[in-house]
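Accompanying notes for the structure given below.
The values are calculated or read from the model by the stated rules, or taken from the named source; none is laboratory data. Quantities reported herein were computed from a predicted structural model and do not represent experimental measurements. Here the Cβ positions follow ideal geometry from the backbone for every residue, glycine too, while neighbour counts run over all protein chains shown.
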Amino acid sequence: MSKSKLRNIDTMSLQELQEDAELIPLLSAEDEDAMQKEELPDTLPILPLRNTVLFPGVVVPITAGRDKSIKLINETNKGNKVIGVVSQKDESKEEPGAKDINTTGTVAKILRVLKMPDGNTTVIIQGKKRFQVAEVLTTEPYMTATIREVAEARPAKENEEFNAIIDSIKELALTIIKDSPNIPSEAAFAIKNIESNSFLINFVSSNLNISVAEKQSLLEINDLKDRALETLKFMNVELQKLSLRNDIQSKVHSDINQQQREYFLQQQMKTIQEELGGNSSEAEIEEMRTRAKKKNWREEVSKHFDKELTKLQRMNPQVAEFSIQKNYLDLMLELPWDTFSNDKFDLKRARKILDRDHYGLDDVKQRIIEYLAVLKLRNDMKSPILCLYGPPGVGKTSLGKSVAEALGREYIRMSLGGLRDEAEIRGHRKTYIGAMPGRILKNLKKAGTSNPVFVLDEIDKLSSGNQGDPSSAMLEVLDPEQNSAFYDNFLELGYDLSKVMFIATSNSLSTIQPALLDRMEIINVTGYTIEEKVEIAKRHLLPKQLKEHGLTSEDLKIAKPQLEKIVEGYTRESGVRGLEKQIAKMVRYAAMKIAMEEAYTLKVTNDLIVEVLKAPRMERNRYENNEVAGVVTGLAWTRVGGDILFIESILSNGKGTLNMTGNLGKVMKESATIALEYIKSNAKVLGIDPAVFEKYNVHIHVPEGATPKDGPSAGITMLTSLVSLFTQRKVKKSIAMTGEITLRGKVLPVGGIKEKILAAKRAHIKEILLCEDNKRDIDEIKPEYLKGLKFQYVKDMSDVLQLALTKEKVKNAKKL
């Protein structure tokens, strides 16, 4: 190193020296040779360093904080400025002794001493030659020791291997400087301009990112070639660490940049939304996360929710999918996954509630009580699917509400009439705009519990369309073996419906899909007798209508006889809806009189009923007489319950053709044909001249031709009508019949017996003819329903004719 260069360094401040890499002293080969020839003193003051190892030729700044070190520097700086520098074995030692320092160190020259503002002393020193401590002489006021020079073995200049090592060190050093962001680029200039091989090795060793002990080990290597190899080894390790560190930092930097970009965009979006008067979605998302923590979800549902919430956070609130995703998460939060209402198993109380709300229907009530009893004993029974089957207006739907109150459960009613879209049951897929869950889950969300009483009203009126078959979608809902994991297309998760008590209602079983019908337990809810209707009107219908019209029981009174007159003269139905309408008319009459402050009859009379409701409309069928041959009363089952119908037949001159009118179906036409053929084949036995069949045409008519009629129950009625016509014999008074016949004259059993009997009672029929096999159906009917009726059981048509026809001829009987 030239003296002019040293003088420049000596006049610089520490900050200038550290900032300007170009002023790092560079030893030339001549400078190094001169340094090696310098004689070392026998005794030197020793400066122990905590975390630095000084190498020959290298200039480093040292901060001295210990009193001994400061005193040593100050006194030496006044003299020859030469000191011995060694590193401590343990840097935590505050007062190192002879055993606490390494024996190999470097002779250093003090270039400059700087007083720092914090009171410490910074000294800039340059290494000269290596030495070894022979003996520590003193430790006060600072350490001194005798030293001896350590010889250094140097390879010849022509050593190609050594030169190759030096080139590798330079190349690696330049690469490390280039890749390291913490090393100034000027350091590369210094490396390129170092002429001395030994100084290059020492300079690189001094600046390696290794521990003090490893640097000390390098300093103690006497062979310069070995030191160069060891330095190269450390450099390779540092290069690998630097490469790995740069890769990690690059990835982290990239991630941070992406996060910062997203955060910046979200903040911009938030600001724009606030300027437009909208609310930021972040608060809503945080609220959802808080609500989710309170949910008692199974692990599968919890993971799915977290995944979908993360997806929502990444969405732009302005896109259409954002609202769908938000609705989806709201649904998950609002569904009562594990929320159940506590069942009340007080069976006596349940019975009282059912009796209070519904008069009659004992079979249905008994089945519900049985269900509650089993549920009370087992407490884990899957809810059966009950289907209340019967005509309109008999209280099927309102039964569900009473059951819910008796159980202490929430009540849900869903009308299925006319439903033709499968998505109404299963929901839409989330990929569609305007997607929504099915009505099953929407109603459960509204109820707030997973075990409500769920009434599926009018299940027989489900229809299929271009959007699928809802009745097929109902199979999973109503199957106790499958509905524990009901799959809704919108929810995309299995939802447990097994604790829901489903009650379906139906007016007809013929339109229900067979597979769906198989999953339900059918409970027949038949119509009411006249007595039951009167009692229902007194207990429920009249008080309800008075309340709805703003009246009290003191404003209008209808006694039982008048209620019975309304039932008999103005209604002919199995239920009570028509009866309620007639009672409402009477209540409106009273309300009008009160509002107009006019006098009116407080207690309803028969004359007042005729005045308000006009002439009775349902009595014409009751007073049909038996003075006309060929008119017989039959019993029929319809969707609205049982009814009576009249079979009329007449003869006219012709060639023996059979005509039928009255909007008859195929089955009834076949019954008429069979009856006529039976009469022809048994004409002599029946006392009929076979010639009349060729002289007269037969016409059979069933009144009310606008009403379609069909079914296998009018065979014996038609045959009785034709025999009465051909023989001109009277039919017994107040008799009705139902049954089918064969060509042999055998009577076959039919269905709908209870409905038909109720219809007969409403029409004041006294005697009923039935097939003998229908006796078991009569035995199942409550005795009070049969009061006032006489049953005749028959096997073949001869029994029917003997019981139904009298020997008396009708007035003005034809002579055939």
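What's the number of the only condition in (1) in contact with a helix residue (DSSP H, G or I) (Cβ under 8 Å, 6 or more places away or on another chain); (2) crowded, with 19+ Cβ neighbours inside 10 Å; (3) of a type outside the set (D, E, K, R) that ILE385 fails to meet? With (1) in contact with a helix residue (DSSP H, G or I) (Cβ under 8 Å, 6 or more places away or on another chain); (2) crowded, with 19+ Cβ neighbours inside 10 Å; (3) of a type outside the set (D, E, K, R) applied to ILE385, the lone miss is (1). Please go through (1) at pLDDT 80 or above; (2) over 16 Å from LYS233 (Cβ atoms); (3) surrounded by 15 or more Cβ atoms within 10 Å (Cβ to Cβ) for ILE183 and return the number of the only condition it doesn't satisfy. It fails just one condition, (1).
A search for C-beta distances below 8 Å between a residue of the stretch 671-690 that is assigned by TED's automatic domain parsing to the domain that holds ILE716 and polar (S, T, N, Q) and any residue that is surrounded by 14 or more Cβ atoms within 10 Å (Cβ to Cβ) and in a loop (DSSP other than H, G, I, E, B), counting only pairs 6+ apart in sequence or on different chains, returns SER671/PRO712; ASN682/GLY745.
Checking the stretch 772-792 against the condition returns a match, with at least one residue being of a type in the set (S, T, N, Q), over 56 Å from the mean Cα position of the chain (by Cα) and at negative phi. Residues in the stretch 711-740 that are of a type in the set (A, V, I, L, M) and over 22 Å from LYS790 (Cβ atoms): MET718, LEU722, LEU725.
I need a count of the residues in the stretch 587-610 that are surrounded by 13 or more Cβ atoms within 10 Å (Cβ to Cβ) and in a helix (DSSP H, G or I).
Counting residues in the stretch 587-610 that are surrounded by 13 or more Cβ atoms within 10 Å (Cβ to Cβ) and in a helix (DSSP H, G or I) gives 10.
Number of residues in the stretch 703-756 that are in a helix (DSSP H, G or I) and more than 13 Å from ILE644 (Cβ to Cβ) equals 14. Among the residues of the stretch 351-364, are any buried (at least 16 other Cβ atoms within 10 Å of the Cβ), farther than 26 Å from THR505 by Cβ and more than 21 Å from the chain's Cα centre (by Cα)? Checked the stretch 351-364: no residue is buried (at least 16 other Cβ atoms within 10 Å of the Cβ), farther than 26 Å from THR505 by Cβ and more than 21 Å from the chain's Cα centre (by Cα).
Per the listing ALA164, ALA134, the residue uniquely at pLDDT 85 or above, out of contact with any His (no Cβ under 8 Å at 6 or more places or on another chain) and in the same structural domain as GLN249 (by TED's automatic domain parsing) is ALA164.
Those strands (runs of 3 or more DSSP E) of the stretch 758-816 in which at least 2 residues are surrounded by fewer than 18 Cβ atoms within 10 Å (Cβ to Cβ), considering only elements entirely within it, cover 790-794, 805-809.
As a summary of the residue check, LYS295 satisfies the conditions (1) farther than 18 Å from ALA485 by Cα; (2) under 15 Å from the mean Cα position of the chain (by Cα); (3) part of a helix (DSSP H, G or I) except for the one numbered (3). Here ARG261 fits the description: surrounded by fewer than 11 Cβ atoms within 10 Å (Cβ to Cβ), over 21 Å from SER450 (Cβ atoms) and at pLDDT 70 or above. Taking (1) closer than 19 Å to LYS666 by Cα; (2) outside any strand (DSSP E or B) in turn, ILE700 satisfies each apart from (2).
Only one of GLY427, GLY393 is in contact with a Gly (Cβ under 9 Å, 6 or more places away or on another chain), at positive phi and buried (at least 23 other Cβ atoms within 10 Å of the Cβ). Can you tell me which? So that I can check it myself, show each step before the final result.
Working: GLY393 fails: buried (at least 23 other Cβ atoms within 10 Å of the Cβ).
Selected residue: GLY427, the only one of GLY427, GLY393 that is in contact with a Gly (Cβ under 9 Å, 6 or more places away or on another chain), at positive phi and buried (at least 23 other Cβ atoms within 10 Å of the Cβ).
Residues are listed down the side, and each one gets a yes or a no for (1) touching an Asp or Glu at 6+ places or on another chain (Cβ under 7 Å); (2) of a type in the set (A, V, I, L, M, F, W, C); (3) at negative phi:
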residue	(1), (2), (3)
SER713	yes, no, yes
ILE716	no, yes, yes
LEU719	no, yes, yes
VAL723	no, yes, yes
LYS730	yes, no, yes
ALA736	no, yes, yes
GLY739	no, no, no
LYS746	yes, no, yes
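The residues listed here are GLU670, GLU580, GLU648, GLU568; of these, the one that is of a type outside the set (A, V, I, L, M, F, W, C) and modelled with pLDDT under 90 is GLU568. Checking each residue in the stretch 184-213 for being assigned to a helix (DSSP H, G or I), of a type in the set (D, E, K, R) and touching a helix residue (DSSP H, G or I) at 6+ places or on another chain (Cβ under 7 Å) picks out only GLU186.
Look at the stretch 53-81: where a residue is more than 17 Å from GLY105 (Cβ to Cβ) and a partner is crowded, with 20+ Cβ neighbours inside 10 Å and of a type outside the set (A, V, I, L, M, F, W, C), sitting 6+ places away or on another chain with Cβ atoms under 7 Å, you get LYS71/TYR142. Output the residues belonging to the stretch 760-816 that are without any contact (Cβ under 8 Å) to a residue 40 or more places away in the chain, of a type in the set (A, V, I, L, M, F, W, C) and within 18 Å of THR717 (Cα to Cα). If the condition is that a residue be without any contact (Cβ under 8 Å) to a residue 40 or more places away in the chain, of a type in the set (A, V, I, L, M, F, W, C) and within 18 Å of THR717 (Cα to Cα), then LEU770, CYS771, PHE791 are the ones that fit. The condition (being in contact (Cβ under 8 Å) with a residue 40 or more places away in the chain, within 20 Å of PRO61 (Cα to Cα), of a type outside the set (A, V, I, L, M, F, W, C) and buried (at least 18 other Cβ atoms within 10 Å of the Cβ)) is satisfied by just one residue among THR106, THR122: THR106. Condition first: closer than 26 Å to THR511 by Cβ and touching a residue at least 60 places away in the same chain (Cβ under 8 Å). Can you find one or more residues in the stretch 406-418 that meet it? No, the stretch 406-418 contains no residue that is closer than 26 Å to THR511 by Cβ and touching a residue at least 60 places away in the same chain (Cβ under 8 Å).
Looking only at the stretch 231-252, residues that are free of Cβ contacts under 8 Å to residues at least 40 places away in the same chain and buried (at least 17 other Cβ atoms within 10 Å of the Cβ) come to 1 in all.
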